[in-house]
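The values are calculated or read from the model by the stated rules, or taken from the named source; none is laboratory data. What you see is a predicted model; the values in this text were computed from it and never measured. Cβ sites come from the backbone with ideal geometry, for glycine too, and all protein chains shown count toward neighbours. Heavy atoms of the whole protein, side chains included, go into the accessibility calculation; ligands, DNA and RNA do not. Shrake-Rupley method; radii C 1.70, N 1.55, O 1.52, S 1.80 Å.
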Amino acid sequence: MRKLIIAGNWKMFKTILEAIDLANGLKRNLFDVTTIDIVICPAFTSLAEVYEVISGSNLQLGAQDMHWEEQGAFTGGVSGLMVKDAGADFVILGHSERRIYFGETSQSVNKKIKAALKFNLTPIVCVGENLSQREENRTFEVIKQQLEECLDAIEKEEARKLVIAYEPVWAIGTGKTALPKQAQEVHKYIRSLLVKFYDEDLAGNLRIQYGGSVKPENIFQLISEEDIDGALVGGASLDAELFTSIVRNSLKVGK
Ligand code: PGA
């Protein structure tokens, strides 16, 4: 059985005090949820303070990116060592906004995955097609190439520690959610690729989250799909009540 994982990507929102406030609200609201992994991913500046709030609770901490080097002359960079030091156990890698606005490539994601694993961070590896690729019926081809490049030279024992997030770019922050069946189709495809790259055992155990305009109203149906093992939530994770409802509605699926 794959344990559901719901992660909140706070993106470039929340000052330190606001982040502490949100983390406190979630800790209060969700203290009793043990059957779902709940991860919150604040900006770098709030990681350590949010860790203080949630340490010892059922909430887990993630960063939104990291550099692949441990340290060095990389002005503006933050390393895996540093995010681990701040309390993170997860790190989102290859988010489409990093790919679109910051020149992230699947090759750099590959280096970051390897570095993250070295620091015992669980990478949440994002893949997804944009609108024109979907319209040209190239979704599977794009996902395959991204995954192949991201997972290059990552052995099975390492790969089994990953979480994959399928995030169709056209559904992120647009209010357009992929239909549960559309998402399921791609999740199933990703799992079939994992069988090819590794084996049934790994593919059957690896968690694949869906991301893109996830809300309390659509989470139940998404999670009800066989190969959808959780969600990576952006906008709706910035509000304690909305994120709480997303987690609570996921519980109802009884996976
Ligand atoms: P969204 O973002 O929920 O605001 O669409 C999802 C994401 O970018 O991870």
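In summary, residue 80 fulfils each of the numbered conditions (1) small (Gly, Ala, Ser); (2) open to solvent by 70 Å² or more (accessible area, probe 1.4 Å); (3) within 20 Å of residue 124 (Cα to Cα) with the single exception of condition (2). Report yes if residue 152 is open to solvent by 10 Å² or more (accessible area, probe 1.4 Å), acidic (Asp, Glu), closer than 25 Å to residue 44 by Cα and more than 16 Å from the ligand (Cβ to nearest atom), otherwise no. No, not satisfied.
Within the stretch 159-183, if we keep just the residues that are within 17 Å of the chain's Cα centre (by Cα) and open to solvent by 50 Å² or more (accessible area, probe 1.4 Å), the residue that is farthest from the ligand (Cβ to nearest atom) turns out to be 160.
With respect to (1) in contact with a Lys or Arg (Cβ under 9 Å, 6 or more places away or on another chain); (2) under 21 Å from residue 231 (Cβ atoms); (3) open to solvent by 80 Å² or more (accessible area, probe 1.4 Å), the lone exception for residue 120 is condition (2). If you check residue 25 against the conditions, is it in contact with an Asp or Glu (Cβ under 9 Å, 6 or more places away or on another chain), farther than 23 Å from residue 151 by Cα, open to solvent by less than 70 Å² (accessible area, probe 1.4 Å) and not in a helix (DSSP H, G or I)? Considered against the rule, which asks whether it is in contact with an Asp or Glu (Cβ under 9 Å, 6 or more places away or on another chain), farther than 23 Å from residue 151 by Cα, open to solvent by less than 70 Å² (accessible area, probe 1.4 Å) and not in a helix (DSSP H, G or I), residue 25 comes out as no. Yes or no: residue 1 assigned to a loop (DSSP other than H, G, I, E, B) and either away from the ligand (no atom under 16 Å from the Cβ) or free of Cβ contacts under 8 Å to residues at least 24 places away in the same chain (or both)? Yes: the conditions hold for residue 1. Within the stretch 184-216, restricting attention to residues that are more than 13 Å from the ligand (Cβ to nearest atom) and of a type in the set (Gly, Ala, Ser), which residue is most open to solvent (accessible area, probe 1.4 Å)? Per the stated criteria, the residue is 192. Any chance the stretch 123-131 includes a residue that's among the acidic types (Asp, Glu), more than 23 Å from residue 67 (Cβ to Cβ), touching a residue at least 12 places away in the same chain (Cβ under 8 Å) and within 15 Å of the ligand (Cβ to nearest atom)? Yes, that holds for at least one residue. Are any residues in the stretch 217-248 within 15 Å of the ligand (Cβ to nearest atom) and in a helix (DSSP H, G or I), and if so, which ones? Matches in the stretch 217-248: 219, 222, 223, 235, 236, 237, 242, 243, 245, 246, 247.
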